[in-house]
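The values are calculated or read from the model by the stated rules, or taken from the named source; none is laboratory data. Quick caveat, the model's predicted, so the values are computed rather than measured. All Cβ positions, glycine included, derive from the backbone under ideal geometry; neighbour counts span all protein chains shown. Only protein heavy atoms, including side chains, enter the accessible area calculation; ligands, DNA and RNA are left aside. Shrake-Rupley method; radii C 1.70, N 1.55, O 1.52, S 1.80 Å.
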Amino acid sequence: MNIVVNPSALNSGAVSVPGDKSISHRALMLGAVADGTTTISGFLAGEDCRATLGALRAMGVKIDELSATDLSVSGAGLYGLRRPSGPLDMGNSGTAMRLFAGLLCGQSFSSTLIGDESLSNRPMNRVIKPLSMMGARIGAEEGKPPLHIDGGQKLTGLVYRLPVASAQVKSAILLAGLYADGEVTVIEPAVTRDHTERMLRSMGVALTQGETQIILNGGQNLKGTNIEVPADLSSAAFVILAAIISADAEVTIARVGVNPTRTGVIDILKDMGADISIDNVQLFGEEPVADITVRSSRLFGIDVDPAKVSLAIDEFPVLFVAAACADGKTTFTGLEELRVKESDRIAAMAEGLRALSVPVDESPDGAVVHGGKLYGGVVRSHGDHRIAMSFAVAGTVAEWPVHIEDTDAVATSFPGFVDCLRSLGVDIACQDGGGES
Ligand code: S3P
């Protein structure tokens, strides 16, 4: 499927966006190894989380789908997963593959994790190394999937200083830590999303959490609970920017996750001049949520603080579009991790913005984006959901239509994206079958 966006001013209004991807994966995985039932509402019924759901079912976990977004997981207990009859397909999801590597290396049975073409090229040594230090045996070709995980290994504790800031690696170690004899300590180079820690706590697991250090004792059982998944700020970010750069709009997005380990995008946009307010803060379990209201604003180029990178790691594609719409130049540094996401996001954004006549100077760890006018054109998504959605937002303010190629991956994280923008008055169309994305 391709998406075409014609220049459009947004209407004011209220929209909702789907559930948080990171929290939905974790709710399924932790619910599966808990004792008792875990109910999940607001689940993200996107392809990534469906891959996690399918893998758990393949290991014998009973998951009832009461609706697309309401699930009930019958916890199998820490040792209740069963050997799957074939490889477990993680699709496009790095989170699923890395977290399952941690969860499965302490099981009595062996398993194999596979993924699509993009995932098959993503680095896995970052989880293989610490898990092996705990006693896991994981085979991979040149550090890439498929991962072959040997069952029946005895895991021990470890103290591990992460070489890169990664919530996926941290979470993999903590999940393996549940099966370890002893204590695991993870030390992060920068704060990353802490959904695993919060959810473990809400399920009765004791852990010590400092700003960048987490300590967990192995052998603790999880208790099933009720999990209400907040709307995903990473998806809301596309709507937020579309409203900011529109002529005259005020848009509210309800009950969005505002965990401080995720809100870097709001801080960076505010630093650029955006008018964003956060109201009605409440807790969904251990996760703060709020209504976010955003008003059209003039943006200015800035030097983005590299200390905020890990707090906005998935939002840089849309922040590159913000920079293209700002007055002056915006400098991004410290973004080397973006080169190993679903695509090389620095290269993909530089290529696409240049196709819309925005000057971009690319560097190994970032870019300088020279803001001003966006013209129309054809851009490639590189099969990456966030690249596709970022350019759809760019299309709302370009001089001519923007055609985005190969946008099927939008369904991995934001089912209903096209309808959501359309409900705000964006002139957006799907080509090649015209299906919903
Ligand atoms: C995620 C962590 C981040 C993020 C990804 C989701 C998670 O990846 O980019 O979309 O759910 O833990 P890294 O941990 O590799 O930075």
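Summary table below
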{"item": "Any hit, segment 274-297, residues being of a type in the set (S, T, N, Q), farther than 22 Å from Asn6 by Cα, touching a helix residue (DSSP H, G or I) at 6+ places or on another chain (Cβ under 8 Å) and in a loop (DSSP other than H, G, I, E, B)", "result": "no"}
{"item": "Among residues of segment 347-370, those that are more than 29 Å from Val164 (Cα to Cα) and either loosely packed, with under 15 Cβ neighbours inside 10 Å or at pLDDT below 95 (or both), counted", "result": "2"}
{"item": "Residue selected from segment 217-239 under the condition within 16 Å of the ligand (Cβ to nearest atom) and not in a loop (DSSP other than H, G, I, E, B), by the criterion nearest to the chain's Cα centre (by Cα)", "result": "Ser234"}
{"item": "Any hit, segment 88-110, residues being surrounded by fewer than 22 Cβ atoms within 10 Å (Cβ to Cβ) and touching a Phe, Trp or Tyr at 6+ places or on another chain (Cβ under 6 Å)", "result": "no"}
{"item": "Residue selected from segment 319-345 under the condition open to solvent by 10 Å² or more (accessible area, probe 1.4 Å) and under 14 Å from the mean Cα position of the chain (by Cα), by the criterion farthest from the ligand (Cβ to nearest atom)", "result": "Ser343"}
{"item": "Residue within segment 196-217 that is touching a residue at least 60 places away in the same chain (Cβ under 8 Å), among the hydrophobic types (A, V, I, L, M, F, W, C) and over 30 Å from Ser74 (Cα atoms) present", "result": "no"}
{"item": "Every residue from segment 94-110 that is within 16 Å of the ligand (Cβ to nearest atom) and hydrophobic (A, V, I, L, M, F, W, C)", "result": "Ala96, Met97, Leu99, Phe100, Ala101, Leu103"}
{"item": "Selection within segment 182-200 - over 21 Å from the mean Cα position of the chain (by Cα) and open to solvent by 40 Å² or more (accessible area, probe 1.4 Å)", "result": "Glu183"}
{"item": "Boolean, Ala190 is within 12 Å of the ligand (Cβ to nearest atom), hydrophobic (A, V, I, L, M, F, W, C) and farther than 30 Å from Gly36 by Cα", "result": "yes"}
{"item": "Residue ID - farthest from Glu351 (Cα to Cα), chosen from residues in segment 281-318 that are within 16 Å of the ligand (Cβ to nearest atom) and open to solvent by 60 Å² or more (accessible area, probe 1.4 Å)", "result": "Glu286"}
{"item": "Near pairs, Cβ below 9 angstrom, 6+ apart or cross-chain, from segment 291-308 (more than 18 Å from Lys329 (Cβ to Cβ)) to any residue that is in a strand (DSSP E or B) and among the basic types (Lys, Arg)", "result": "Asp291/Arg255"}
{"item": "Residue check, Ile278 crowded, with 18+ Cβ neighbours inside 10 Å, of a type in the set (Val, Ile, Thr) and out of contact with any Asp or Glu (no Cβ under 6 Å at 6 or more places or on another chain)", "result": "no"}
{"item": "Odd one out for Val397 among (1) in contact with a strand residue (DSSP E or B) (Cβ under 9 Å, 6 or more places away or on another chain); (2) of a type outside the set (Asp, Glu); (3) under 19 Å from Val5 (Cα atoms)", "result": "(1)"}
